[in-house]
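Engineer: My structure is below; once you've seen it, I'll send some questions.
Read the figures in this text as sums done on the coordinates, not as results from a lab. The structure presented is a predicted model; accordingly, all values stated were derived computationally and were not measured. So basically every Cβ, Gly included, is an ideal-geometry build from the backbone, and we count neighbours across all protein chains shown.
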Amino acid sequence: MSGREHGHDPALPHTAQAVASEPHATDELEVVPGFERENLQGWIPQLATEADVRAVIEKAFDYRGDVTITRKDKDGSQITGYLFDRRIGPTLANSVVRLMLASSNERPAIPYSEIAVIAFTGRDTAAGKSYEAWVKKYWEKRAKGEKNISIEPEALE
């Protein structure tokens, strides 16, 4: 396939193509809309089917807070941590999640088949931290006439 088929004009060098596009004012920023994050904090979903288990684990993997897993064992033991890894196998018994525990350096692996409940118990540290929110704060500060604007991240507890 030629470059022209991909939208490149071979008559212009690559750097000239970028300059040849419509000029932007220096005070304007291009902002691409982000996506809305689900607010999962506090959610305790039902895990009725294998599909439910797999779908909730995917949401837990994308969640930026701790989850509490209740196991199916006799005493219903619980483990709380950040779900940082999941290994998907053909069956629930062959699939595992791995957690980082706040209380130790352990990285326990729990088979999907042993999970009775997943509760989204920790604070979602990514909530409200989109690029759009940062740009909005930037323009608010700039409108007030502030100079040397820097937006510092919120402290994690």
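Engineer: Once fully extended, how much extra length lies between S150 and L101, figured as 0.36 nm per residue of separation less the alpha-carbon to alpha-carbon distance?
Structural biologist: Working: separation 49, 0.36 × 49 = 17.64 nm, distance 3.30 nm.
Taking 0.36 nm per residue and subtracting the Cα distance, the gain is 14.3 nm.
Engineer: If you don't mind, there's one more thing I want to ask. Figure the gain on full extension for E58 and E132 (residue separation times 0.36 nm, minus the Cα-Cα span) and round it to one decimal in nm.
Structural biologist: Taking 0.36 nm per residue and subtracting the Cα distance, the gain is 24.2 nm.
Engineer: Please report, in whole Å, how far the alpha carbons of segment 50-119 spread along each principal axis, starting with the longest.
Structural biologist: Result for segment 50-119: principal-axis Cα extents of 31, 29, 18 Å.
Engineer: Can you give the FRET efficiency for I88 and A116, using 1/(1 + (r/R0)^6), R0 = 25 Å, r = Cβ-Cβ distance, to the nearest 0.05?
Structural biologist: 0.80
Engineer: Among 54-66, 138-150, how do they line up from the highest to the lowest mean number of other beta-carbon atoms within 10 Å?
Structural biologist: Highest to lowest by the protection proxy: 54-66, 138-150.
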